[in-house]
Amino acid sequence: MDGLTLSAPPVLLAADEVAQRVDRLADQIAPRTTDETVAVALLTGGLWFAADLTRALAARGRHLMFDALWLASYGDARNSSGRCEVRAGLQRPVAGRQVLLIDDVFDSGLSLSEAGRFAREAGAGEVLAAVFARKPWPQPRAAEPDFVGWEAPARYLVGYGMDSAGAWRGLPYVGVMD
């Protein structure tokens with residue numbers, strides 16, 4: 001960045017609104033899970049939401065096991081490549097267990113669909129999915145999440161795990177880059 005300071009993207013969803021939506025999701029998810037449920041964060045973007053959601057579930061008496069699945073379909077591009085690469089698989093056995101997939105944003109549905117297939121092939125007894133933001137999409141998607149924190153607009157989102165070429169993920173709010 002050659003020493004230039006970039007100004008932060010404009011706020012679309014403030015940090016306190018993000019926290020409220022995570023809390024509401026935890027209220028919905030807690031009764032559907034047990035302490036035997038394996039929460040699977042989809043890396044990299046889902047990590048922020050997964051951390052907040054699993055803490056919110058713990059506050060409701062749900063102490064899920066935790067794992068991560070590293071998938072890549074975007075790289076540093078703004079559009080999906082149309083294929084999903086598994087960079088690191090599950091480390092925890094999920095055979096016969098309920099799996100809760102946790103991701104930051106649901107747009108094409110490719111990552112969530114691939115993660116669900118991966119979990120089922122690993123023997124998961126049930127696969128649920130929670131996404132923080134669901135964006136509109138012009139075509140039907142192969143998979144739909146069970147839990148959605150926010151119906152987002154069709155804009156280029158950054159912050160709260162969402163990025164632009166790896167930057168802006170750490171913002172505590174959701175901003176826009178378009």
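The values are calculated or read from the model by the stated rules, or taken from the named source; none is laboratory data. From a predicted model like this one, the values you see are computed outputs, not experimental measurements. FYI the Cβ positions are ideal-geometry reconstructions off the backbone, even for glycines, and counts take in every protein chain you see.
Overview of values
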quantity: Members of segment 111-136 that are under 17 Å from THR44 (Cα atoms) and of a type in the set (A, V, I, L, M); calculated: LEU112, ALA115, ALA129, ALA130, VAL131, ALA133
quantity: Index of the failed condition, ASP52 passing every other in (1) out of contact with any helix residue (DSSP H, G or I) (no Cβ under 7 Å at 6 or more places or on another chain); (2) of a type outside the set (A, V, I, L, M); (3) modelled with pLDDT of 95 or more; (4) outside any loop (DSSP other than H, G, I, E, B); calculated: (1)
quantity: Set PRO172, PRO145, PRO136, PRO140: member being outside any strand (DSSP E or B) and closer than 19 Å to PRO9 by Cβ; calculated: PRO172
quantity: Answer residue from segment 127-171, given it is of a type in the set (D, E, K, R) and surrounded by 14 or more Cβ atoms within 10 Å (Cβ to Cβ) and is modelled with the lowest pLDDT among those; calculated: ARG141
quantity: Restricting segment 111-126 to residues that are surrounded by 19 or more Cβ atoms within 10 Å (Cβ to Cβ) and in a helix (DSSP H, G or I), the residue that is modelled with the lowest pLDDT; calculated: SER111
quantity: Unique residue being over 19 Å from ASP146 (Cα atoms) and crowded, with 17+ Cβ neighbours inside 10 Å when the list is LEU57, LEU12, LEU6; calculated: LEU12
quantity: Single unsatisfied condition, VAL158 versus (1) assigned to a strand (DSSP E or B); (2) within 12 Å of the chain's Cα centre (by Cα); calculated: (2)
quantity: For ASP35: the one exception among (1) surrounded by 13 or more Cβ atoms within 10 Å (Cβ to Cβ); (2) within 20 Å of ARG92 (Cα to Cα); calculated: (1)
quantity: Filter result for VAL18 (within 25 Å of ALA95 (Cβ to Cβ), among the aliphatic types (A, V, I, L, M) and in contact (Cβ under 8 Å) with a residue 60 or more places away in the chain); calculated: no
